[in-house]
Amino acid sequence: MVDQPGDGIYPEHWEADVVLRDGGTAHLRPIHPTDADAVQAFHTGQSQNSIYMRFFAFKARLSSKELKRFTEVDYRDRVAFVITIGGEIMGIGRYDRLDDPTEAEVAFNIADAHQGRGIGSILLEHLAAAAHENGIRRFSAEVLPENRKMLMVFSDAGYDVKRHFDDGVVSLEFKIDPTEKSRAVMESREHRAEARSVRDLLAPSSVAVIGASRKWGTVGYQLLEHIIEGGFPGPVYAINPEALELAGMLSFAKLSDVPDPVQLAVIAVPYEEVSKVVDDCAAAGVKGLVVASAGFADDGERGLARQRDLVRKARANGMRVIGPASLGIVNTHPEVSLNASMAPALARRGSLGLFSQSAAIGVSLYAASSRRRMGLSTFLSAGNRADVSGNDMMQFWEDDPDTAAVGLYLESIGNPRKFSRLARRLARTKPVIVAKSETMGLRLPPGHAVRTTQAPAGALDAMMRQSGVIRVETIEQLMDVTQIVAGQPLPAGPGLAIFSNSLALGKVVADSASAHGLGVEQIVTDVDLDAGLSLALPALRRRLQDTLASDTVHAVVAALLPARGLTVENIVEVLAECSASAGKPVVAAFTGILDPSVYVEGMVGDTGRAVPCFSNAGAAVAALAAVVRYSEWVARDQGHFVEPDGCDPEGARVQLEALLRDVTGEQLKQLDPGATASLLGHYGIEVLPSAAFESAEQAVEAADSLGWPVALKTTEPALRHRLDLGGVRLDIQDPESLRQNIEQMRRALAPYGSPSLELQSMAPVGQACTFRAIEDPLLGPVISFGLAGDAVNLLDDWAHRVPPLSAADVKDFIRGPRAARKLFGYQGLPAVDVAALEELAARLAWMKDNHPEIALVDFNPVLCGSRGASILAADIRIGNPAQRTDSARRAMLG
């Protein structure tokens, strides 16, 4: 069990690496009594003005009593954080609880040399998170009017700040519960900082290759050669203690010998030398590292320890890390032309951004893009993904004008909730295509140190779908989709026209399109491509222009057999011209071409007028169908993340805090019916009343209280919903009938050990459904929905979602199971109140998103009739909350 703050034990779980406004990194941690000397040094290094702003008076030095008070805190009523770079304190933030136990006073002090880097905002976020954990709900502060920078920290935080001016001091007060505005502010700052940090890595002003070698074929030799031959315009330095000259230029024995600042260091030394190299980079002020060296987390527990030490040391000294075991990075922008990778040549320039993890997958992905003639904007191989991740790259790509679409191959995912948030935002403007293994999240790939999931199968995929991600299985499928979206307009709908010079082929392609959910509006198979160059191409152009002019046609698949006298390039030129003129995508499938020198798999045509081509028409249709689904997601109203009416998260938090006082370690506590009803009541969720009994007369009294008619059921979980096994009897109208049913049920259930019985109010007749919610160690909150009975028990027919949910997410969630068609009228049965199910789903999702302490919720069954939905049974288990990977404070995972 993690020690809770307030018991005098240092709360390690509050420590975090953070990205500053300018892209640099720092370490944030709670203060410790051993920091006294460092706090004194920090204070004496401040200007008189900064000291006056903090203390309202000048203090040349802090007294021993002051140092003791500032550094010895209880981590509950008094909390302080320091932000350090290279072990030196750059900022201090603290709170002290006031007489009102729900309020604390906060104060900050930022080093003069580091003001303007967003340190105050980060300290405020972490202080608010710690205070919230300790039951504090409001912050207050006193600030001198001339301290505009600190006033801006508070006013820009997104909280509703109340100001009062009295006796020359501005008094501030605000609630620290996260709001939609404060979350948006935090996410915006996080986005700018992380995008900046990646931009500095991908577009450095200077590069040093440490471990550069004159031995042909070595990693160091190739990295240096590729950077130089790629045309990088900035200074490039070779670092090797045993060589005076490398690649025709002067070599330096060590980094400290380089006369000018180095922004990016590419490290290719044996793993046992990396730690010392990182120390040298820190001393030289390097901003980023690309570590090509292997032997870290890919080398078992010892290697994992080396990797964690590497990342911790780099971040603490303001550096980001790509790798270890990275294939490298590429930026094709003409002003950068950086090929710091193992690829022999700089990729062709284009608008596709690529991200991979392990070097082996990076090689395959890079090779596939090259083979398809895909132009890249940027490429990054994260290797073991110890620091820089796909989330960081999405932050960068969102603002990168050179990137129109992004592709990621993920072997593991360290922060799924953040991935979901970033992907949803990025996918609104740029397609996000993700290939992942089927076992991702279930077990760890070599060299990856992340948590695994216990969520139901399909939950991770559902999270990606609700975020607008185009999910594919393989690298080839990723390339199939990216070559359509990287240079073609998005289709405005599912209407499709098939062009072919073969009737049989046209029909086969049309059948494939229909199977993928595309609407085949036209099948054009009378285009004569054998009429010769002068006749065939004009005819093809006219027919294609006429077809694309139709309002019901949103895309064209041209599936063509070889034609005499026409080359692929001849045909592609016409297709590109018509596509550009109509503003609609056209993809081509050239089948039956035996000559291996004829290029038909990838982008064909001149730069800017290339057409995505395939050798397999089925692959073309499947990729286009994925693009159509994405286009429909972009076009739809996603709704808002709105809190349902009548919810009281604070009341639920107080109740959970009281219920968890006797829960230790990882044990779970099952709530009794009273506590369950009370907790759910905070979110406007009601469970149909029930009453346990011992004797028949007690049952009659309970039925009189509940109201006739009633249902009789056993409390045994395996039997309570089983009419066929005698565990339920419905619509009991009077006392005599109740007594008879009790006697008969006890006789029927005797073989099962005579389980206890209960009565429940009768619910209106309806469709039995089930809801479930869990707290997963990887995904955080996961909610599931299905139709009760065989659909979920035998066929595993569930829909899954990861909160928070928008209105559109909730709608899709209820319609997700394959059996959901029964909700809308089926085989003569009337439709049920789907809106009631949607409201229940929204309330459950909101509750689960707010309270990681709730480990399990099970509503089974939920009867939904023509008006309303009734929960017949609810099971809730609670436990000590896990630290979610996307909390209300900015922190880098490590």
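The values are calculated or read from the model by the stated rules, or taken from the named source; none is laboratory data. Since this is a predicted model, take the numbers as computed values, not measurements. We place every Cβ from the backbone using ideal geometry, glycine too, and count neighbours over all the protein chains shown.
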Can you tell me which residue within segment 327-382, out of those that are closer than 21 Å to A268 by Cα and among the β-branched types (V, I, T), is surrounded by the fewest Cβ atoms within 10 Å (Cβ to Cβ)? V363
Top-ranked residue in segment 785-800 [being small (G, A, S) and touching a Ser or Thr at 6+ places or on another chain (Cβ under 8 Å); ranked as surrounded by the most Cβ atoms within 10 Å (Cβ to Cβ)]: G786
Picking from L151, L124, the residue that is assigned to a helix (DSSP H, G or I), over 23 Å from D100 (Cα atoms) and of a type in the set (A, V, I, L, M) would be L151
Quick one: would you say S761 is among the polar types (S, T, N, Q), closer than 18 Å to R720 by Cα and surrounded by fewer than 21 Cβ atoms within 10 Å (Cβ to Cβ)? yes
Check D528 against each of (1) over 20 Å from V604 (Cβ atoms); (2) among the charged types (D, E, K, R); (3) at pLDDT 95 or above and name the one condition it does not meet. (3)
Quick check on P241: is it surrounded by fewer than 17 Cβ atoms within 10 Å (Cβ to Cβ) and under 25 Å from V336 (Cα atoms)? no
Residue check, D886 part of a loop (DSSP other than H, G, I, E, B), touching a residue at least 40 places away in the same chain (Cβ under 8 Å) and under 30 Å from E125 (Cβ atoms): yes
Find the residue count for segment 48-69, including only residues that are within 18 Å of G168 (Cβ to Cβ) and buried (at least 16 other Cβ atoms within 10 Å of the Cβ). 4
Within segment 277-297, can one find any residue that is hydroxyl-bearing (S, T, Y), within 19 Å of S381 (Cα to Cα) and in the same structural domain as V363 (by TED's automatic domain parsing)? yes
When (1) crowded, with 22+ Cβ neighbours inside 10 Å; (2) more than 34 Å from the chain's Cα centre (by Cα); (3) part of a strand (DSSP E or B) are applied to V209, the one that fails is (2)
Just one listed residue, out of A750, A718, is under 30 Å from I814 (Cα atoms) and surrounded by fewer than 19 Cβ atoms within 10 Å (Cβ to Cβ), and it is A718
Looking for something over 47 Å from the mean Cα position of the chain (by Cα) and not basic (K, R) - is there at least one such residue anywhere in segment 714-731? yes
Restricting segment 576-612 to residues that are polar (S, T, N, Q) and out of contact with any helix residue (DSSP H, G or I) (no Cβ under 8 Å at 6 or more places or on another chain), which is nearest to G493 (Cα to Cα)? T607
Could you check, for segment 598-607, whether at least one of its residues is among the small types (G, A, S) and touching an Asp or Glu at 6+ places or on another chain (Cβ under 7 Å)? yes
Condition check: in contact (Cβ under 8 Å) with a residue 24 or more places away in the chain, surrounded by 15 or more Cβ atoms within 10 Å (Cβ to Cβ), β-branched (V, I, T) and closer than 14 Å to A619 by Cα. Does V572 satisfy that? no
Please enumerate the residues belonging to segment 171-182 that are modelled with pLDDT under 90 and either in a loop (DSSP other than H, G, I, E, B) or exposed (fewer than 15 other Cβ atoms within 10 Å of the Cβ) (or both). D177, P178, T179, E180, K181
Going by what's in this entry, would G608 be described as surrounded by fewer than 17 Cβ atoms within 10 Å (Cβ to Cβ), in the same structural domain as H516 (by TED's automatic domain parsing) and at pLDDT 95 or above? no
Within segment 352-384, can you find the residues that are β-branched (V, I, T) and more than 16 Å from T482 (Cβ to Cβ)? V363
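Residue-wise test of (1) of a type in the set (S, T, Y); (2) surrounded by fewer than 20 Cβ atoms within 10 Å (Cβ to Cβ).
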site: I92; (1), (2): no, no
site: Y95; (1), (2): yes, no
site: L98; (1), (2): no, yes
site: T102; (1), (2): yes, yes
site: V106; (1), (2): no, no
site: N109; (1), (2): no, no
site: Q115; (1), (2): no, yes
site: G118; (1), (2): no, no
site: E125; (1), (2): no, no
Checklist (1) surrounded by fewer than 23 Cβ atoms within 10 Å (Cβ to Cβ); (2) modelled with pLDDT under 95; (3) in contact with a helix residue (DSSP H, G or I) (Cβ under 8 Å, 6 or more places away or on another chain); (4) not hydrophobic (A, V, I, L, M, F, W, C) applied to P494, failing item: (2)
Count - residues of segment 338-368 that are assigned to a loop (DSSP other than H, G, I, E, B) and of a type outside the set (K, R): 8
Can you tell me which residue within segment 504-530, out of those that are under 25 Å from A580 (Cα atoms) and without any contact (Cβ under 8 Å) to a residue 24 or more places away in the chain, is surrounded by the fewest Cβ atoms within 10 Å (Cβ to Cβ)? D526
